[in-house]
1. Rounded to the nearest 0.05, what FRET efficiency do TRP54 and VAL146 have when you use their Cβ-Cβ distance and R0 = 30 Å?
2. How far is helix 79-92 tilted, in degrees, relative to the longest principal axis of the Cα atoms in the chain, given as a value from 0 to 90 rounded to the nearest 10?
3. Might you tell me the accessible area per residue for the range 43-88, computed with a 1.4 Å probe and given in Å²?
4. In whole Hz and in residue order, list the ³J(HN,Hα) couplings for the range 18-30 that follow from phi through the Karplus curve 6.51 cos²θ - 1.76 cosθ + 1.60, θ = phi - 60°; x for Gly and Pro.
5. Compute the distance in nm between two label points, each set 7 Å from the Cα along the Cα-to-Cβ direction, one at PHE25 and one at GLN78.
6. For the range 16-70, evaluate the Debye formula with one uniform point scatterer on each Cα (no solvent term) and list log10 I(q)/I(0) at q = 0.14, 0.25 Å⁻¹, rounded to two decimals.
7. Would you kindly calculate the translational diffusion coefficient of the range 93-152, applying Stokes-Einstein with the Kirkwood radius from alpha carbon pairs, for 37 °C and a viscosity of 0.692 mPa s, and quote it in µm² s⁻¹ without decimals?
8. Between the alpha-carbon centers of the range 89-152 and the range 25-69, tell me the distance in whole angstrom.
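The values are calculated or read from the model by the stated rules, or taken from the named source; none is laboratory data. These numbers come from a predicted model, not from an experiment. Virtual Cβ from ideal backbone geometry, glycine too; neighbours counted across all protein chains shown. These area figures cover heavy atoms from the full protein model, side chains too; ligands, DNA and RNA do not enter into them. Shrake-Rupley method; radii C 1.70, N 1.55, O 1.52, S 1.80 Å.
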Amino acid sequence: MKSIPDALQSIAVTLWAGGMWIVGFIVAPLLFSRLGDRALAGAFAGKLFTTIAWIGIGCALYLILFRLVRCGAGSFRQGFFWVTLLMLALLIAGGFGVQAILESLRAQALPKEVMESMFRDRFMTWHGVASVLYVIQSLLGVFLVVLHGKGR
């Protein structure tokens, strides 16, 4: 039987990677395809991405600390540790760096929607950067699940 910390490690991997996949590749596209208002769909999707980002930070911190406590310096020789750390770095860069730029562009566009303003091109570029970071994180999430399953 697994210990509670081991079980929490499995839950953290599942919650983080699975949550990213569900939000980014199922829920957000559904919002844009089902809601008639793209700005409203974007606002909902943004809230979901922010929520999963905070969940990801919590999961990443637990996973990193768990490995450091369990394996000590041996953690630095584990792919799982480095994938987790890289995912966290991308999460922070995208979730707080790029998102801050997107929010600034939205604010500058007011009273118009950003896609109807002169900031549209810049917004689309930065949104593309955020999307690429998210896809990379999601692919790394696959490796995280596989490495966890192998106990590495």
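1. Working: r = 25 Å, r/R0 = 0.82.
For R0 = 30 Å, the calculated efficiency reads 0.75.
2. For helix 79-92, the angle is close to 20 degrees.
3. Working: 2420 Å² over 46 residues.
Per-residue accessible area for the range 43-88 comes out at 53 Å².
4. Karplus values, whole Hz, x for Gly and Pro: x, x, 4, 5, 5, 5, x, 10, 10, 5, 4, x, 5.
5. Once both label points are built, they end up 2.5 nm from each other.
6. Taken in order of the listed q values, log10 I(q)/I(0) reads -0.44, -0.90.
7. Values: Rh = 13.0 Å.
In µm²/s, the coefficient is 252.
8. Cα centroid of the range 89-152 versus Cα centroid of the range 25-69: 10 Å apart.
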